[in-house]
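Okay, structure first, notes after.
The values are calculated or read from the model by the stated rules, or taken from the named source; none is laboratory data. No experiment lies behind these values; they were computed from the predicted model shown. Please note: Cβ atoms are built from the backbone with ideal geometry, for glycine as well, and neighbour counts cover all protein chains shown.
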Amino acid sequence: MKVMISQPMKGKTNEEIRAEREELIRELEKQGYEVVDTVIDDFIEGEGNDYAIRCLAKSIEFIANVEAVIFMPGWKEARGCRIEHEVALKYGKFVKESE
């Protein structure tokens, strides 16, 4: 089963994001899941709503290509994660939430 991880990313470098999810990825792979890498390296860094919308659009594309979305702690406070959550639920993806 292909899964993606949703986590708060605002204000973090890609290295910080990858480090935060490293243990979860190891655990999921041990259980036989294929974790899709959703850290976006090819966008030009930016700020503001336009950049956030481009990242969100890409993450929704990732949701279309997985069966499940795992939400890391803090997701409820992150606007993009809440939108990803709504999309995943509305389109029948398996959702696992962490507090």
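A few points about this structure:
- Scanning the stretch 64-75 for residues that are in contact with a helix residue (DSSP H, G or I) (Cβ under 8 Å, 6 or more places away or on another chain), within 24 Å of M1 (Cβ to Cβ), loosely packed, with under 13 Cβ neighbours inside 10 Å and not small (G, A, S) turns up nothing.
- Evaluating I40 against the criteria (1) in a helix (DSSP H, G or I); (2) closer than 22 Å to K93 by Cβ; (3) out of contact with any Asp or Glu (no Cβ under 8 Å at 6 or more places or on another chain) leaves one unmet condition, (1).
- Residues located in the stretch 8-52, provided they are acidic (D, E) and either within 20 Å of G74 (Cα to Cα) or at pLDDT below 95 (or both): E15, E16, E20, E22, E23, E27, D37, D41, D42, E45, E47, D50
- Any hit, the stretch 75-92, residues being within 12 Å of the chain's Cα centre (by Cα) and assigned to a loop (DSSP other than H, G, I, E, B): yes
- Verdict on I83 being more than 13 Å from M9 (Cα to Cα), surrounded by 13 or more Cβ atoms within 10 Å (Cβ to Cβ) and β-branched (V, I, T): yes
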